Amino acid sequence: PPMSPPHTVWKYFKKGRNNYKENATHKEAWCNFCIDADVSLIHTGELDAEQQSEDARRARDEETIRECIPEFGAVYTSLTALCGKVDSLLAHLSKRCLHVPSEKKDWAKRALHERRQEDLRRRARDLTDPLSTPPAECDSRSVNAASGSDQHRHKFAADLCKLFIVANIAWYALEIPFFRYFFTKYMGQANLPGRKELSGHILDEEADKVTKHMQSDVKGRYVTGQCDGWKNISKDHIIATIINAEYMTYLINTFCITKERKNAENLLEIVLDQIRYYTDVLKVTVVAWCSDASGDGSKMRRLLVRQMPWIFVVDCWAHQINLVTGDVFKHAANVFEGVLDIALEVIKWFNNHTRALGMLKDSMVQKLGKAICLILPVITRWTSHYLAVQRLIDVELAFRHLLVDHEEDLLLCAGDKEEAKQKALDIIGKVKNYAFFTKLKRLSDHLRPLAIATNLFQSDDVRLDIVLIMLAKLYHIFSDPHLELSVRRAVLSSLEKRWKKQDQAVFILAIILNPYIRISAFSCNSPFRQADEITNLAVEAFRRFYRCEPNNEFRCTIVQYLHKLGPYSDEQMGLRRFKEEAESKVRHHHCIFICSSLSLNLALACKPRRTLARQGSNSG
């Protein structure tokens, strides 16, 4: 059949040759009105330059500029392209384009509205006419009341329960008439369970299956236990416990303690109960426990060690770095507090004035190719202050463009009250000040290393050796004299204070027991390059965990390991092979897997490494 003519909207757009991003149907497109505006802006700039300097090249006419405009960047690039879908083009003209004539904008609004109304009418016909769309053919395994066996119906109900959970669908959706009609239409007389049935015994059965599967996964492994608390949307205080078994995290239990006293003793009771559950039911060995650095959490860990001295306790280091960031703003307020306050003020003003925010987003589309949100940081969202600052820096060009072309319109967004107008003038003045973005970039440079460290420390597979290496890296970064002195002092002092409170020996031993590092991380005159000192650390850790004295074979094994002798040479441990495999799959390679690859007759020597390989602090 002959192709239908292109939609009228294409008269106002330039069509590209390439497909739009991953879209296999629509081409790239650029707005002619936006192109004309950029051409006019370039022409005006060249005229101004020609008048101000005799050495400047002669200004070109607009037609010449239009022919070579790609060299001025970003007009015909994929970054600024629109999707060549008719609805997207109409939406651009009616909502986003700042240069389209008013009559064309009105036409685009009407055309887009008519298309959407027709789409709604078509959908309504499909929903109200049960014969408009024939039911899908049921697979032989489909579940319905007429032909499905009890086993199939049970499997259908179990899968439906999983679907509701992973899609975050409320249980009451099962009581919605159209929901049941949908299944009847496409699956025949589907035997749908009721809301109480699905959220009752079916959910309980699936939870039991998950628990049994987890038990088989973690049985016999060494694990790190963790606990954390928060308030849910009902304002109930919840404590959750999890385990991390060889870099895999499992949620175990949640406890509502709204009615209980929030103190270390009650938290300790929960932790001890969970350790017994881990040991007796899950059949795992708990080697460490991690919690945040709150007063109750810290005291609970001290009490736990008194009762179970063989367990290593660690802080959540993501939380610790967040506290370091707080120390920066506390002790270096004279450097950054002012610019951060202004940044938050700008973010709040635009987010609270929807028209101004809409104009800013239009400017983002024009200059950045997409609209992105301004981030208002909150204290419980770690790294959010850095991300908020960086987002303002990312959209600096959009701010500049908006203030050049629409400053008066921004003032109108404030309303009629004199106080609101003055506030708008104040915000505009602060954003127009070039020193504002310069200071923001300086602040971002100081916050970035701390944000990276926080993000690393809250991952599932962080280890104690990674924590110590990152702390050393932060100490090195903030020893740079090019950074602000007060910030450097605040970070270094905070890191030293928090490191002083840690069980330092186990961190150092974790570094040494990383076969890729061993003693290479320490300076030549460090005591931790001496075999005797390292052996003492390892023996003490062995005594604490196994509650017995290691034999001479253990001590000899430590010396062999330090000197890369016998089975502990790089070749025998297969370090190169593990590294190449990890690089080819773009993932981490973990020391515990290297240890597991050693022969069984080295099991005793492997135990300390296996025990200490994974005691990092994860989420806070």
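No value in this document is a laboratory result; all are computed from the given coordinates. Predicted model only: the values in this text are computed from it and were never measured. Glycine also receives a Cβ, built like all others from the backbone with ideal geometry; neighbour counts cover every protein chain displayed.
Within a straight-line Cα-Cα reach of under 20 Å, residue 196 can be paired with the following aspartates and glutamates, leaving aside sequence neighbours fewer than 8 residues apart in one chain: 150, 159, 175, 204, 205, 206, 208.
Within the chain, which is the longest segment that contains none of the trypsin sites (Lys or Arg not before Pro) sitting in a DSSP loop with at most 12 other Cβ atoms within 10 Å? Segment 262-369 is the longest. How high is the relative contact order of the chain, in percent, with contacts defined as C-alpha pairs under 8 Å that are six or more residues apart? Worked out over the chain, it gives 11 percent. Beyond 22 Å in Cα-Cα separation lie none of the pairs 155/209; 348/423; 85/370; 348/430; 162/212; 473/501; every one falls at or below that value. With loop membership from DSSP and a limit of 16 other Cβ atoms within 10 Å, the longest segment of the chain without GluC sites (Glu not before Pro) is 261-620. Any chance you could give the angle, 0 to 90 degrees and rounded to 10, that helix 464-477 forms with the longest Cα principal axis of the chain? Orientation of helix 464-477: about 60 degrees from the principal axis. Between residue 54 and residue 210, the modelled label-to-label distance comes to 8.0 nm, taking each label 7 Å out from Cα in the direction of the beta carbon. With each label modelled as a point 7 angstrom along the Cα→C-beta vector, the residue 272-residue 560 pair spans 4.1 nm.
3J(HN,Hα) couplings calculated from phi for region 482-496 with the Karplus curve 6.51 cos²θ - 1.76 cosθ + 1.60 (θ = phi - 60°) are, in sequence order, 6, 7, 4, 4, 5, 5, 4, 4, 5, 5, 5, 5, 5, 4, 5 Hz; Gly and Pro show x.
Stretching the chain fully between residue 167 and residue 434 yields a gain of 91.5 nm (0.36 nm per residue, less the alpha carbon separation). Put a dot 7 Å past the Cα of residue 441, heading toward its Cβ, do the same for residue 15, and the two dots end up 4.2 nm apart. Taking the 0 to 90 degree range and rounding to the nearest ten, how far is the long axis of helix 295-307 tilted relative to the main principal axis of the chain, both from C-alpha atoms? Around 20 degrees separate the two axes. Multiplying the residue separation of residue 381 and residue 23 by 0.36 nm and subtracting their alpha-carbon distance yields 125.4 nm. Compared with the dominant principal axis of the Cα atoms in the chain, helix 354-368 is inclined by about 90°.
Cα centroids of region 364-417 and region 152-188: 42 Å apart. Gain on full extension, evaluated as 0.36 nm per residue between residue 4 and residue 155 minus their Cα-Cα distance, stands at 49.5 nm. Based on the Cβ-Cβ distance of residue 517 and residue 352, what FRET efficiency does E = 1/(1 + (r/R0)^6) give at R0 = 56 Å, to the nearest 0.05? Efficiency for this residue pair is about 0.65.
Hull volume per residue, based on the alpha-carbon atoms of the chain and their convex hull, is 280 Å³.
Secondary-structure-derived ellipticity at 222 nm for the chain, considering helices only, amounts to -18000 deg cm²/dmol, per-run term -39500 (n - 2.57) for DSSP H runs with n ≥ 4.
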